[in-house]
Amino acid sequence: MRDTKESRLLLVLLIAIAFALITVDIRGGEESPVDGARQAAAAVFGPVENGVASAVDPVGNAIGAIRDSGERHDRISVLERENAALKARLGSDDRNRSRVRQLDSMLKKAANGQYGIKGAEVIAIGAAQGFSWTVTIDAGSADGIQRDMTVLNGDGLVGRVTTVGPNTATVLLANDPDFTVGTRMERTDELGFATGQGDRPLSVQLLNGKAKVRKGDRLVTFGSQADKPFVPGVPVGEVVRVDPSGGALTRNIFVRPYAAFTKLDIVGVVVQAPRTDPRDMVLPPKPKPTPTPTVTVTVTPSADGDTQARSQGSEEREEEREPGGETPQADSTEAVTGRNDE
């Protein structure tokens, strides 16, 4: 196209239309007027994303390299391809083992919470919605996926389904600034609302401004009406910082999410909610505290009247008694000075 006045005017007009559509989409939220076009795009481009994901799969490349190697007459080229295939196969085996661990952990979470899930694989990062934290999964309406379904993995809450195509779906991640979920604390049952902050911890606003919160407290999803978009009991994260209440009606805390949003691979969409609230059954077991060794100081009078102090471990304690049957003891100060003040 030649650089003319008409072409420049057309470019400015297209940019203005694009910004207008972005503004309408953001203000419209879930009821955006362009949602229909988004779903149509998901239906068109979803299979393409699926195909691209399959094309770059290391196992597929390895098999293709082995199959094609027999058709080549150049021995050096054959050896190079076979070597590359073996390396790809080795890397694929490591990835498959990692996937098996992820799948096993996710199935245990689903069993503990009595969730009916549909497994899926993340095939793309960042959909066409704009600057949101989203991923595309290889399951859609043909697999029973619907909008506003909870998405989890072996670690905890991942997000919720926002757009569904025939074979793919878009998931809004829990760390997105537009993401909000009701939460319940494990120890005190305090309720609040968690909001995403990108690569920073989730911001949780507790409804009780005087709630007692400490670092390490854990949160789960409270659940939504009719279990959409969130089912109850899904692990959310652990408290890492607590803001002073300052007499406010609410209290802000910051929570490190269990799910690693930059390393998502295997996820599960909850297609059937539990009959009863699993409460805290899905949370991982708490680590056992390490026992702290104790020291006992025993004072033993010697024959010349001097006082001797000996420290003993809690597991090996030996007591020296006087002829009267009493066991004189001294505190740590006496042990250091070697003096027993009367």
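For residue 143, state whether it is open to solvent by less than 70 Å² (accessible area, probe 1.4 Å), within 17 Å of residue 270 (Cα to Cα), in contact with a Pro (Cβ under 6 Å, 6 or more places away or on another chain) and at pLDDT 90 or above. Step through it out loud before you land on a result.
Values: open to solvent by less than 70 Å² (accessible area, probe 1.4 Å): yes; within 17 Å of residue 270 (Cα to Cα): yes; in contact with a Pro (Cβ under 6 Å, 6 or more places away or on another chain): no; at pLDDT 90 or above: yes.
No.
Can you tell me which residues in region 201-259 are over 26 Å from residue 112 (Cβ atoms) and of a type in the set (Lys, Arg)?
The answer is 210, 212, 241, 251.
Based on this model, can you work out whether residue 201 counts as modelled with pLDDT under 95, under 16 Å from the mean Cα position of the chain (by Cα) and either closer than 18 Å to residue 256 by Cβ or not in a strand (DSSP E or B) (or both)? It would help to see each step written out before you state the result.
Numbers: modelled with pLDDT under 95: no; under 16 Å from the mean Cα position of the chain (by Cα): yes; either closer than 18 Å to residue 256 by Cβ or not in a strand (DSSP E or B) (or both): yes.
No; evaluated as a whole, the condition is false for this residue.
When residue 123 is evaluated against the numbered criteria (1) surrounded by 18 or more Cβ atoms within 10 Å (Cβ to Cβ); (2) not in a strand (DSSP E or B), which criterion, by number, is the only one it fails?
Of (1) surrounded by 18 or more Cβ atoms within 10 Å (Cβ to Cβ); (2) not in a strand (DSSP E or B), only one is false for residue 123: (2).
Take the residues in region 223-246 that are open to solvent by 70 Å² or more (accessible area, probe 1.4 Å) and small (Gly, Ala, Ser); name whichever of them is farthest from residue 267 (Cα to Cα).
246
Tell me which residues, restricted to region 217-239, are part of a loop (DSSP other than H, G, I, E, B) and touching a Lys or Arg at 6+ places or on another chain (Cβ under 9 Å). Reasoning before the result, please.
The initial filter retains those residues of region 217-239 that are part of a loop (DSSP other than H, G, I, E, B), namely 217, 222-224, 228-234.
Those that are part of a loop (DSSP other than H, G, I, E, B) and touching a Lys or Arg at 6+ places or on another chain (Cβ under 9 Å): 217, 222, 223, 228, 229, 230, 232, 233, 234.
Has region 105-114 got any residue that is open to solvent by 90 Å² or more (accessible area, probe 1.4 Å) and either among the aromatic types (Phe, Trp, Tyr) or at pLDDT below 75 (or both)?
No: zero hits.
Within region 207-222, is even one residue open to solvent by 10 Å² or more (accessible area, probe 1.4 Å) and of a type in the set (Ser, Thr, Tyr)?
For region 207-222, residues open to solvent by 10 Å² or more (accessible area, probe 1.4 Å) and of a type in the set (Ser, Thr, Tyr): absent.
Can you go through 153, 96, 167 and tell me which one is open to solvent by 10 Å² or more (accessible area, probe 1.4 Å) and within 20 Å of residue 232 (Cβ to Cβ)?
153
I'd like the full set of residues that are in a helix (DSSP H, G or I) and either free of Cβ contacts under 8 Å to residues at least 24 places away in the same chain or more than 15 Å from residue 157 (Cβ to Cβ) (or both), limited to region 240-267.
Kept after step one, since they are in a helix (DSSP H, G or I), are these residues of region 240-267: 261-263.
Those that are in a helix (DSSP H, G or I) and either free of Cβ contacts under 8 Å to residues at least 24 places away in the same chain or more than 15 Å from residue 157 (Cβ to Cβ) (or both): 262, 263.
Looking at region 170-212, which of its residues are closer than 14 Å to residue 239 by Cβ, in contact with a Leu (Cβ under 6 Å, 6 or more places away or on another chain) and of a type in the set (Gly, Ala, Ser)?
192, 194
Please go through region 170-206 and pick out each residue that is open to solvent by 40 Å² or more (accessible area, probe 1.4 Å) and closer than 28 Å to residue 141 by Cβ.
Within region 170-206, 177, 178, 180 meet the criteria.
Please work out if residue 170 is assigned to a strand (DSSP E or B) and out of contact with any Phe, Trp or Tyr (no Cβ under 8 Å at 6 or more places or on another chain).
Considered against the rule, which asks whether it is assigned to a strand (DSSP E or B) and out of contact with any Phe, Trp or Tyr (no Cβ under 8 Å at 6 or more places or on another chain), residue 170 comes out as yes.
The values are calculated or read from the model by the stated rules, or taken from the named source; none is laboratory data. Everything quoted here is computed from the prediction, not taken from an experiment. Note that each Cβ is placed from the backbone with ideal geometry, even for glycine, and that neighbours are counted across all protein chains shown. Quick note on the areas: whole protein, heavy atoms, side chains included, nothing else; ligands and nucleic acids left out. Shrake-Rupley method; radii C 1.70, N 1.55, O 1.52, S 1.80 Å.
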